[in-house]
Amino acid sequence: MINTDLDFLKYKFSNDLDNARESINEGLLLRSEFLKQFPVSKIKAMKIDQYVIGKDYSFCYWLEQKLDKLGRIKGGSPADKKFGVYYGKTKNDSTRTYRHIPKWGTNYTDAFKNIHAEIQSLLNAGKKFDLESIEKNRLSPLFKGKILSIYYPEKYLSIFSLAHIEHFIESLGIIYDYNKIKTVECKKQLLLDFKYNDAYLKTLTNYEFSYFLYTGLTPPVNNKNSHIPDIFNESYVSINNVKPEVINLLIEKNAADDNGSQQKNYTHKVSPDFENKIKRIGSRGELIVFNYEKEHLIKQCKTELANLVKDVSGENTGYDILSYNPDGTEKYIEVKSTVSKPPEINFYITENELRKARDLPGYLIYLIFEVNTGKPKIFIFNPFKQSEEYYKLNPVLYNVKINSK
């Protein structure tokens, strides 16, 4: 786990699972009604009024409105782009009528005919788990994903935003070849593979797993009315497009002396949103370093060592990444991350980290500047092997331990 404590998230979700299941079960009851009205066997005979949004209890109405608890496709694209054809009015025309977009035909009848054929093709490809045909299907990604997750929930996740999917992949620390795995459904399979390889997560249904991802690994959104905290609205370049650069900085004596003033010990509280922001910045840096170390070793034809690089950030080791030099000696890497630009160096370090920095021969600090960009800067150093003239430690927090009976 790179971006957060997976065990903690699983523990927290297990306590909230009953609430999640209550909502999911409401959706499953409605799904049963939907499948009675629109079974695969009757889709071929579906007429336009049974399909279009704007007509009561239509195919599109069910998928967008009634089955919202099993994956949200409300909002976002307007009805014409989402469903291709609909029944309603526009801002400039209050007449309720059939409307369509040119992509699907010259009139609404032809548009529905073509969309209808794509739905049948999608259901056939979905049953066969033909990901190539699913990717080529012309239905909108939101609509396509919702159809697959409702008809074949054991095979497909109810997550429809590519940005959200990539966020979950990054948060779970899933490493993959992004030159080969590019499609939405293939990236969803990375999440499902992760689920099937975890003793707890594999006990969840795909609907429950989707709930787990959204509640535990809250994705960034642009919608200001979303229930997702604003703290996650920051812009982060996709981790697969990040190309870090190692830089050199000159550390001067007493550079961190702050005019000789001694900072006092203090305790402080931070808001949950700010804490989440700091965790995300830190976790982002850890993933950048993890990927960098593996790629660096592979470039030096040390694939066997690259496969041994390990994230140990949740194991209280005093460092985040266990890596290797080309000669096989170990590197103990503590990652410190910031969205700021170089050269200012200012970070927090725990007592355990400080002890390991001084004692372990291969201990290094990787300071990541501009961690949210596509070209972060990495400064590799360990000032604690040098004279204290080159750094200053300011105590900022007391640990209070009291024996009581």
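Overview of results
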quantity	calculated
Residue, farthest from residue 289 (Cα to Cα), within region 374-390, restricted to residues that are open to solvent by less than 40 Å² (accessible area, probe 1.4 Å) and in a loop (DSSP other than H, G, I, E, B)	382
Which numbered condition residue 28 fails, given (1) assigned to a helix (DSSP H, G or I); (2) within 20 Å of residue 134 (Cβ to Cβ); (3) not polar (S, T, N, Q)	(2)
Selection count where residues are out of contact with any Lys or Arg (no Cβ under 7 Å at 6 or more places or on another chain), without any contact (Cβ under 8 Å) to a residue 40 or more places away in the chain and open to solvent by 10 Å² or more (accessible area, probe 1.4 Å), scope region 128-151	7
Of residues in region 86-137 being out of contact with any Asp or Glu (no Cβ under 7 Å at 6 or more places or on another chain) and among the aliphatic types (A, V, I, L, M), the one farthest from residue 60 (Cα to Cα)	125
Test for residue 308: is it surrounded by fewer than 21 Cβ atoms within 10 Å (Cβ to Cβ) and of a type in the set (A, V, I, L, M)	yes
Subset of region 89-127 [open to solvent by 60 Å² or more (accessible area, probe 1.4 Å), among the basic types (Lys, Arg) and either closer than 19 Å to residue 152 by Cβ or touching a helix residue (DSSP H, G or I) at 6+ places or on another chain (Cβ under 7 Å) (or both)]	127
Hits in region 194-226 - residues which are under 15 Å from residue 6 (Cα atoms) and either at pLDDT below 90 or of a type in the set (D, E, K, R) (or both)	195, 198, 202, 214, 215, 216, 217, 218
Some residue of region 153-160 being hydroxyl-bearing (Ser, Thr, Tyr), under 25 Å from residue 205 (Cα atoms) and either surrounded by 15 or more Cβ atoms within 10 Å (Cβ to Cβ) or in contact (Cβ under 8 Å) with a residue 60 or more places away in the chain (or both)	yes
Meets criteria (farther than 20 Å from residue 379 by Cβ, surrounded by fewer than 20 Cβ atoms within 10 Å (Cβ to Cβ) and at pLDDT below 95) for residue 303	yes
Cβ-Cβ under 8 Å pairs, at least 6 apart or on other chains, region 1-30 side closer than 11 Å to residue 69 by Cβ, far side modelled with pLDDT of 80 or more and of a type in the set (Val, Ile, Thr)	20/215; 24/205
Unique match (being in contact with a Ser or Thr (Cβ under 7 Å, 6 or more places away or on another chain), open to solvent by less than 80 Å² (accessible area, probe 1.4 Å) and over 20 Å from residue 393 (Cβ atoms)) among 321, 281	281
Hey, residue 42 in contact with a strand residue (DSSP E or B) (Cβ under 9 Å, 6 or more places away or on another chain) and either open to solvent by less than 40 Å² (accessible area, probe 1.4 Å) or of a type outside the set (S, T, N, Q) (or both) or not	no
Verdict on residue 179 being modelled with pLDDT under 85, open to solvent by 20 Å² or more (accessible area, probe 1.4 Å) and not hydroxyl-bearing (Ser, Thr, Tyr)	yes
Out of 28, 35, sole residue that is more than 30 Å from the chain's Cα centre (by Cα) and over 28 Å from residue 170 (Cβ atoms)	35
Filter result for residue 73 (touching a residue at least 40 places away in the same chain (Cβ under 8 Å) and either surrounded by 15 or more Cβ atoms within 10 Å (Cβ to Cβ) or not in a loop (DSSP other than H, G, I, E, B) (or both))	yes
Condition broken by residue 145, with the remaining ones in (1) more than 17 Å from the chain's Cα centre (by Cα); (2) modelled with pLDDT under 90 satisfied	(2)
Any hit, region 18-28, residues being open to solvent by less than 80 Å² (accessible area, probe 1.4 Å), in contact with a strand residue (DSSP E or B) (Cβ under 9 Å, 6 or more places away or on another chain) and under 22 Å from residue 145 (Cα atoms)	no
Total residues in region 39-64, condition among the hydrophobic types (A, V, I, L, M, F, W, C) and in a loop (DSSP other than H, G, I, E, B)	4
Residue in region 59-76 that is among the basic types (Lys, Arg), out of contact with any strand residue (DSSP E or B) (no Cβ under 9 Å at 6 or more places or on another chain) and under 21 Å from residue 113 (Cβ atoms) present	no
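The values are calculated or read from the model by the stated rules, or taken from the named source; none is laboratory data. This is a predicted model, so every value here is computed, not measured. Every residue, glycine among them, receives a Cβ derived from its backbone with ideal geometry; neighbour counts consider all protein chains shown. For accessibility, only protein heavy atoms count, side chains too; no ligands or nucleic acids. Shrake-Rupley method; radii C 1.70, N 1.55, O 1.52, S 1.80 Å.
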